[in-house]
Number of protein chains: 2
Amino acid sequence: MGQLVRRPFDDAEYRERLRETQLRMGERGLDVLLLTDPANVYYLSGYDAYSFYTPQILIVTAESAQPVGVWREQDYRCATETTWLDDENVLLYTDDYVDAERHPMEFVADLLRDRGDAGTTVGVEMDAYYLSARAYRALHRALPEATLRDATGLVNGVRLVKSDREVDYHRHAGKIAERAMRVGVEAIDVGVRQSEAAGAVYDALLSGTAETGGDYPAIVPLMPSGRGTGSPHLTWTDEAYEAGEPVILELAGVVNRYHSPLARTMFLGEPPAEAREAAAVIVEGLEAALDAVEPGVTCEAVERAWRERIEGTRVEKESRIGYSTGIGYPPTWIERTANIRPGDETVLEENMVFHLIPGVWFDDYGIEISESFRVTGDGAETFADFPRELIVK
Amino acid sequence: MGQLVRRPFDDAEYRERLRETQLRMGERGLDVLLLTDPANVYYLSGYDAYSFYTPQILIVTAESAQPVGVWREQDYRCATETTWLDDENVLLYTDDYVDAERHPMEFVADLLRDRGDAGTTVGVEMDAYYLSARAYRALHRALPEATLRDATGLVNGVRLVKSDREVDYHRHAGKIAERAMRVGVEAIDVGVRQSEAAGAVYDALLSGTAETGGDYPAIVPLMPSGRGTGSPHLTWTDEAYEAGEPVILELAGVVNRYHSPLARTMFLGEPPAEAREAAAVIVEGLEAALDAVEPGVTCEAVERAWRERIEGTRVEKESRIGYSTGIGYPPTWIERTANIRPGDETVLEENMVFHLIPGVWFDDYGIEISESFRVTGDGAETFADFPRELIVK
């Protein structure tokens, strides 16, 4: 009765990821690495379930052939169904560790002590989501003889350059984003309740395409309207759209947790002339940045191409215009590695994937027109095919 | 152009929440309280945007008439649109604190120092989501003269008993859950791709009812099928449902961030006799627990009523059978206060809200049949009206 979950990668790919992680651990002098970021746990183990509200910790040691995962007892089958780990590497804490006096990190500390790893140098993702201050303190107290070092971003760095299979998932996700954007633009109209349009967008994101169903996005579709378009992270409300309003739609297609985000801005009626002008400038800047993309170029050089193109216009932008993306779990699809902003000297390599989103917010409205792309051998491959312009309806 | 976001509570209710929080701070000897859990930030400020992937900190001091919030610069308008805070209490850090060497907690430390609060006793939500170990360390280093104390759960405790308005949102959310469950049961069928059924469920959750549109749930609809029903936190896949399979559907209707979860289990074909028997036992146990609910009774007594009813059957349950719920942001709608499990001596009061979910997982399948309810003056008021039984299709 029932089938195994189909795994998105074969064991060889997981082994390669593990090897690269162990290499970087060696460079940083780490004997043990404790991962808590669900995206990093997924990347190295395949573990995929909406269970990260209780601690789950993946343990990588310098020489091991597989990571060891620690999950809550009731998530045992999630682990055996979705990961490439042998049964002996799936370890479980009981429910008396959940929202209780005991912390699962004490379980991990006991485990490291039993294995003779108590006195080693242990990397911890100090700034990862789902590694609370309490979790860190519990580890530190239960394992005082260990040297704890910050290893935030170590595995994120391994994730930065995608394999061909990962790129393939991004491509499918881009097609889903394209379709959902079409459905969204269709659904959003004067008099329509915003929450209904959001429902239609979600339906399209998950129904996916004929080839591929969609996975849930790490960030819900962001759909600010009216003056709210100046607030990029507002979600929908219960109100109906009004004539003349601007509406931003930022969403991501997702396949096997790989995100291809896409944003567009529409006006429900004739936009002010200055909004048309600003949108044209933003598209020019976006395309200048895309044109600047190729292996060997730095992230800040891509940002510079944007900035030089918009100079002298009323479009201004203080914050980053893009970031690397890939695997995402709530609260974000941002990879937290390379950012397209001044000072980021990350050198582009083939198969890095970015979301280029130069959102610009004025006093009364905002405009977002974005693309997700892969760095190719000599340029950029965008994942969605949707008109790059202000949409007027 | 555009309207203010409609605020779900008036200022008087926020003031009452603040007063109760300050009272509890006093009992614990806290001069300052730093909140990072988005649910707690929302509860005391009204701030509602999908921006919690960068740090946002609400500062409550013993005597202040409003909290002070610290957000990322580009979220300024999210704060002014959604909170009851005066402009002077909305403070912003620039983008060079985002995924960078500097941490927003250093900004908070500077602020406390400027206000003369550096040497005080500061409560920190050590085990909250979105308070990373690095954030805590940055605060500790930048404010060495402060006494930092763990204040995890302080505001969660204030949230435990709902106001009549909050209950009203739970009721509307329950109606949405009921409708989405109906849509889900309709959509799930042999040969249907799981992701398509998930799309239909999401559409129903957000489209809501004639009176109320739906907000996004903190946990995506959990829809394990086949052997996966033994893994409660699996989401959907790309596969089609198969004849004879069990399917669990656990979802929550959400209004103004208030969650009313609901779970049911269906079989696509004739279930094994033992599954029918187990479901009947679970429903009996669930109803025994509901019957035990009234003000003055403890959480563990409610669990005992369940356990005594199922004794002597093959249904066993190690983990908690329920938890308080209310406001939720990813990754959870669990309030992390009272749990319906042995050892939890929380005394029920009128207007506490729980999700009672005695999920039971066997080797080949699992069964979940749940209810969300409010403690009334003399019993329990459930929020959804959906047949409490194994669904056979």
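The values are calculated or read from the model by the stated rules, or taken from the named source; none is laboratory data. This one's a predicted model, so the numbers in the text were calculated from it and none came from an experiment. Note that we place each Cβ from the backbone using ideal geometry, even for glycine, and neighbour counts take in every protein chain shown.
One residue is enough: does segment B:8-26 have a residue meeting the conditions touching a residue at least 12 places away in the same chain (Cβ under 8 Å) and within 14 Å of chain A (Cβ to nearest Cβ)? Yes, segment B:8-26 contains at least one residue that is touching a residue at least 12 places away in the same chain (Cβ under 8 Å) and within 14 Å of chain A (Cβ to nearest Cβ). Mind checking which pairs have a first residue in segment A:204-216 that is facing chain B (nearest Cβ under 7 Å) and over 15 Å from A:R182 (Cβ atoms) and a second that is in a loop (DSSP other than H, G, I, E, B) and of a type in the set (A, V, I, L, M), Cβ under 7 Å, 6 or more apart or different chains? Hits for this filter: A:Y216/B:V220. Does A:D48 count as surrounded by 21 or more Cβ atoms within 10 Å (Cβ to Cβ) and not in a helix (DSSP H, G or I)? So A:D48 fits the description; yes. Among residues of segment A:123-135 that are not assigned by TED's automatic domain parsing to the domain that holds A:P38, none has a Cβ under 9 angstrom from a residue that is charged (D, E, K, R) and assigned to a strand (DSSP E or B) at a sequence gap of 6+ or on a separate chain. Of the set (1) more than 14 Å from A:V190 (Cα to Cα); (2) in a strand (DSSP E or B), all apply to A:M266 but (1). The residues in segment B:361-393 that are assigned to a loop (DSSP other than H, G, I, E, B), aliphatic (A, V, I, L, M) and under 30 Å from B:V347 (Cβ atoms) can be counted, and the count is 2.
In segment B:218-232, of all residues being more than 7 Å from chain A (Cβ to nearest Cβ) and at pLDDT 90 or above, the one that is surrounded by the most Cβ atoms within 10 Å (Cβ to Cβ) corresponds to B:P224.
Considering only residues in segment B:68-85 that are closer than 23 Å to A:A128 by Cβ and hydrophobic (A, V, I, L, M, F, W, C), the one that is farthest from the other protein chains (Cβ to nearest Cβ) turns out to be B:V70. For segment A:53-67, taking the residues that are outside any loop (DSSP other than H, G, I, E, B) and surrounded by fewer than 22 Cβ atoms within 10 Å (Cβ to Cβ), the one that is farthest from the other protein chains (Cβ to nearest Cβ) is identified as A:T61. Select from segment A:210-225 the residues that are over 18 Å from the mean Cα position of the chain (by Cα) and not small (G, A, S) and list them in ascending order. Answer for segment A:210-225, where residues must be over 18 Å from the mean Cα position of the chain (by Cα) and not small (G, A, S): A:E211, A:T212, A:M223, A:P224. Quick check on segment B:131-189: of everything there that is among the hydrophobic types (A, V, I, L, M, F, W, C) and under 15 Å from the mean Cα position of the chain (by Cα), which residue is nearest to B:L33 (Cα to Cα)? Checking each candidate, the answer is B:V155. Only one of the numbered conditions (1) within 30 Å of B:N40 (Cβ to Cβ); (2) facing chain A (nearest Cβ under 8 Å); (3) surrounded by fewer than 24 Cβ atoms within 10 Å (Cβ to Cβ) is not met by B:D238, and that is (1).
Selection of segment B:112-160 for residues being within 25 Å of A:T152 (Cβ to Cβ) and among the acidic types (D, E) yields B:E125, B:D127, B:D150. One residue stands out among those in segment A:185-203 that are of a type outside the set (D, E, K, R) and part of a loop (DSSP other than H, G, I, E, B): the one that is nearest to A:A243 (Cα to Cα), which is A:G191. State whether the residues of segment B:359-371 include one that is hydrophobic (A, V, I, L, M, F, W, C), under 17 Å from the mean Cα position of the chain (by Cα) and either buried (at least 23 other Cβ atoms within 10 Å of the Cβ) or within 14 Å of another protein chain (Cβ to nearest Cβ) (or both). The answer is no, given that none of the residues of segment B:359-371 is hydrophobic (A, V, I, L, M, F, W, C), under 17 Å from the mean Cα position of the chain (by Cα) and either buried (at least 23 other Cβ atoms within 10 Å of the Cβ) or within 14 Å of another protein chain (Cβ to nearest Cβ) (or both).
Here is a list: B:I334, B:I327. Which entry is closer than 30 Å to B:G46 by Cα, of a type outside the set (S, T, Y) and without any contact (Cβ under 8 Å) to a residue 40 or more places away in the chain?
Numbers: B:I327 fails: without any contact (Cβ under 8 Å) to a residue 40 or more places away in the chain.
That would be B:I334, the only listed residue that is closer than 30 Å to B:G46 by Cα, of a type outside the set (S, T, Y) and without any contact (Cβ under 8 Å) to a residue 40 or more places away in the chain.
Evaluating B:E294 against the criteria (1) modelled with pLDDT of 95 or more; (2) among the acidic types (D, E); (3) in a helix (DSSP H, G or I) leaves one unmet condition, (3).
Consider A:V90 carefully, then state whether it is away from chain B (no Cβ under 14 Å), over 22 Å from the mean Cα position of the chain (by Cα) and either of a type in the set (A, V, I, L, M, F, W, C) or within 28 Å of B:K317 (Cβ to Cβ) (or both). Can you show your working first?
Details: away from chain B (no Cβ under 14 Å): no; over 22 Å from the mean Cα position of the chain (by Cα): yes; either of a type in the set (A, V, I, L, M, F, W, C) or within 28 Å of B:K317 (Cβ to Cβ) (or both): yes.
For A:V90, the condition - away from chain B (no Cβ under 14 Å), over 22 Å from the mean Cα position of the chain (by Cα) and either of a type in the set (A, V, I, L, M, F, W, C) or within 28 Å of B:K317 (Cβ to Cβ) (or both) - is not met.
Does segment B:184-192 contain at least one residue that is at pLDDT 95 or above, surrounded by 23 or more Cβ atoms within 10 Å (Cβ to Cβ) and more than 9 Å from every other protein chain (Cβ to nearest Cβ)? Scanning segment B:184-192, I find at least one residue that is at pLDDT 95 or above, surrounded by 23 or more Cβ atoms within 10 Å (Cβ to Cβ) and more than 9 Å from every other protein chain (Cβ to nearest Cβ), so the answer is yes.
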